[in-house]
Every structure is written in C-alpha cells, then in structure tokens.
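A.B. asks: Okay, handing you the structure first.
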Amino acid sequence: QVQLVESGGGLVQPGGSLRLSCAASGSIFSLGTMGWYRQAPGKQRELVALITSGGITNYADSVKGRFTISRDNAKNTVYLQMSSLKPEDTAIYYCNADGRAYNGAGYRPFDSWGRGTQVTVSS
C-alpha cells in the first residue's frame, strides 16, 4: 500500500501564489512519475503537471510559465509552486504517483492517488 497525502491548498487572491506538497509513504521500492491533476466543479479531472524520476517535466498549456513542479526523491515528495493564480485555477488538486512497492508477496507496480486539496482563487 502506498499513500499520498497532499497539503498546502487554501484560499488566495488572483495574482497570488501557493505551494502544494504531496508526500508518498508506504513500502515504496521506487517512485516513477509523479504528477498533479485538478478537477473543477462540473469538469473532468485534467493533468496539470508531471515530473519523471529523472526530472523531466510536462505542463498543461494553461499553466505553463505560472506553475513549477519539482520533487525531492530523498523525501518521496512532489511539489507544485503556483504563481499568478487565476480564478479558473480553482479546483481540487490531486497528487498521483507510480512506481514499485512491496505488497507482502513481492515488489509490484503501483499507481496511487491522494485525496486532494482544495485551491480557491477569489477576491
């Protein structure tokens, strides 16, 4: 079992900044790609940003130049620095990670999600 716990969400004014964190825990052997997704009310979950184990990043066009994803492999943690926030960034932000973990019978691939953290951008 691999658990992902997000933190750092909240209410911020347009133009402001927030930093989200997501810590992975459990019987992790290796972490692969980690990422952030978001889901706004009435909309489908969408990719925000990804970062591979080697540090290669990918961003949604809507956040390029405003958001930065990074990771600390020693802490099994991924971050999302969000700047110049807009009301349309309001959503629940979810962390995702894949890799290999021990499940009691051996090392197996996993793909886990966190429970999400609310980000609200409003004046």
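A.B. asks: Given a 1.4 Å probe and every protein chain left where it sits, what share in percent of the accessible area of the range 33-113 is carbon and sulfur? Don't skip to the end; give the middle numbers.
C.D. replies: On the way: 2040 of 4290 Å².
After summing per-atom areas, the C and S share lands at 47 percent.
A.B. asks: Excluding Tyr93 itself, what net charge comes from residues whose Cβ is under 15 Å from its Cβ, given Lys and Arg +1 and Asp and Glu -1?
C.D. replies: Overall, the nearby charge balance is +3.
A.B. asks: What range in the chain is the longest one free of trypsin sites (Lys or Arg not before Pro) that are in a loop by DSSP and have at most 12 other Cβ atoms within 10 angstrom?
C.D. replies: Here the longest run is 1-42.
A.B. asks: Turning to a different aspect of this structure: With contacts defined as alpha carbon pairs under 8 Å and 6 or more residues apart, what's the relative contact order of the chain in percent?
C.D. replies: Normalised by residue count, the contact order of the chain is 37 percent.
A.B. asks: Would the range 13-53 count as rounded, prolate or oblate if I go by the C-alpha gyration tensor, calling it rounded below 1.5 in a/c and otherwise prolate when a/b exceeds b/c, oblate otherwise?
C.D. replies: prolate
A.B. asks: Okay, moving on. With the other protein chains left in place, how much accessible area per residue, in square angstrom, belongs to the range 1-92 at a 1.4 angstrom probe?
C.D. replies: Details: 4840 Å² over 92 residues.
Solvent-accessible surface per residue comes out at 53 Å².
The values are calculated or read from the model by the stated rules, or taken from the named source; none is laboratory data. Note that the structure is a prediction, hence the values are computed from the model and not measured. Neighbour counts are summed over all protein chains in view; Cβ atoms, including those assigned to glycine, are modelled from backbone coordinates with ideal geometry. Note: areas computed on protein heavy atoms with side chains; ligands, DNA, RNA excluded. Shrake-Rupley method; radii C 1.70, N 1.55, O 1.52, S 1.80 Å.
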